[in-house]
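What follows is a single structure, written as structure tokens, with notes after it.
The values are calculated or read from the model by the stated rules, or taken from the named source; none is laboratory data. A quick note: this is a predicted structure, and the numbers were derived from the prediction, not measured. Because the Cβ atoms are built from the backbone with ideal geometry, glycine has one as well, and the counts that use them run over all protein chains shown. Note: areas computed on protein heavy atoms with side chains; ligands, DNA, RNA excluded. Shrake-Rupley method; radii C 1.70, N 1.55, O 1.52, S 1.80 Å.
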Amino acid sequence: MSALSRIPNQEIDRNVTAADLDERFLLIGKLDGSLSAVYIKNGLQVFSVKISETEITAVCCEKHEEQEHEDNQVFYAGDISGNVFVTNKKGRILNKVHLLEGGISAIVNWSKFSIHVHTHTGSASFSDTSKEFRRQNFSSDSGDFSYDNDGTLYKSVSRGMFRVIRYNCGSPNRVIATVGIEFEETGNNCSEVFAYAIIDEEYKEMIDEGIAETTLAVFSKYIFRVLEFQSPVKQVMSCRHHEGRAKADEIFILLWNGNLLKVTSSLLEDPTVPDEALDLIPAIVHEEEEDYKGFSVFGKKICLYGNDGL
């Protein structure tokens, strides 16, 4: 089981609203619209700049950069107003774009200098992010889901009570709760892992009242497993498609009570493996409940964040 410790940097002590990490850097977004990066090794600051007048809701490190081109290192951030930023290692804004489709909930670095940006209503893709920042068409496919109080997930945004987004969960996100994990075949013997997450703030009232679902559906073409937990699921992350040494056949599951669990992906996605044979074990356990906003994992590093920092 992992042990938690604070990074010795006062810049990230309070009001953290988004975080991501890679091999060297920890990237932090804050309530006041500032973006900071520190070195994981010693906590020393790389940069800290105010890039927005509103809350930063998503951040992402460029994880596909080759070592010999580290001078081209870039970082990504999105705010609650729908702005997407690209900065360099000095914190200078290289590119900025505004999405009319709403606040940013997740940024997925799917290829070198290429990202998917998720809002509450869908997603947009960008390539050549360090230079021309080319945008492709906006798609509503990832936002066309909803959820009911009894745990029913709909492939329609209008049928359920709460809005749900679908995204590649190899990156952290800004969501209220996670209700499903989908394994999608890619043709290369390694399924891609997607999460289905509730984004409506109203659902948090059900969590606070103790009446929210505490299950997590696992499916491919059909639901073949439903896991039951002590607390609703906050967020999940898959390490299956991480780069280099960080790649691992693991999925991490953060519960609303602050406990973090992990399980082997290949066991979880195999319908013939019974629930009792899963190696679902604690990664981090708290004696008392902790109010985390989310987490990020890369290799052997885990970062949990909230109002009290990291």
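If you go through the stretch 29-47 one residue at a time, do you hit one that is open to solvent by less than 10 Å² (accessible area, probe 1.4 Å), touching a residue at least 12 places away in the same chain (Cβ under 8 Å), within 13 Å of PRO172 (Cα to Cα) and in a strand (DSSP E or B)?
yes
Does GLU269 count as of a type outside the set (Lys, Arg), touching a residue at least 12 places away in the same chain (Cβ under 8 Å) and open to solvent by 60 Å² or more (accessible area, probe 1.4 Å)?
no
Out of SER139, SER81, SER127, which single residue is at pLDDT 85 or above, over 16 Å from ALA197 (Cα atoms), open to solvent by 20 Å² or more (accessible area, probe 1.4 Å) and touching a Lys or Arg at 6+ places or on another chain (Cβ under 8 Å)? Lay out the reasoning, then the answer.
Values: SER139 fails: touching a Lys or Arg at 6+ places or on another chain (Cβ under 8 Å); SER81 fails: touching a Lys or Arg at 6+ places or on another chain (Cβ under 8 Å).
Result: SER127 is the single residue among SER139, SER81, SER127 that is at pLDDT 85 or above, over 16 Å from ALA197 (Cα atoms), open to solvent by 20 Å² or more (accessible area, probe 1.4 Å) and touching a Lys or Arg at 6+ places or on another chain (Cβ under 8 Å).
Do any strands (runs of 3 or more DSSP E) lying entirely in the stretch 86-204 carry at least 2 residues that are under 30 Å from ALA248 (Cβ atoms), touching a Ser or Thr at 6+ places or on another chain (Cβ under 9 Å) and polar (S, T, N, Q), and which ones are they?
Counting at least 2 such residues, we get 104-111, 114-119, 123-127.
I'd like to verify a number: residues in the stretch 149-174 that are open to solvent by 10 Å² or more (accessible area, probe 1.4 Å) and either more than 20 Å from ILE107 (Cβ to Cβ) or of a type in the set (Val, Ile, Thr) (or both), how many?
14
Report yes if some residue within the stretch 222-238 is under 19 Å from HIS118 (Cα atoms) and part of a loop (DSSP other than H, G, I, E, B); otherwise report no.
Quick first cut of the stretch 222-238, residues under 19 Å from HIS118 (Cα atoms) only: 234-238.
Filter once more, keeping what is part of a loop (DSSP other than H, G, I, E, B): none.
No: zero hits.
In the stretch 167-187, which residue that is within 24 Å of LYS204 (Cβ to Cβ) and among the hydroxyl-bearing types (Ser, Thr, Tyr) is modelled with the lowest pLDDT?
SER171
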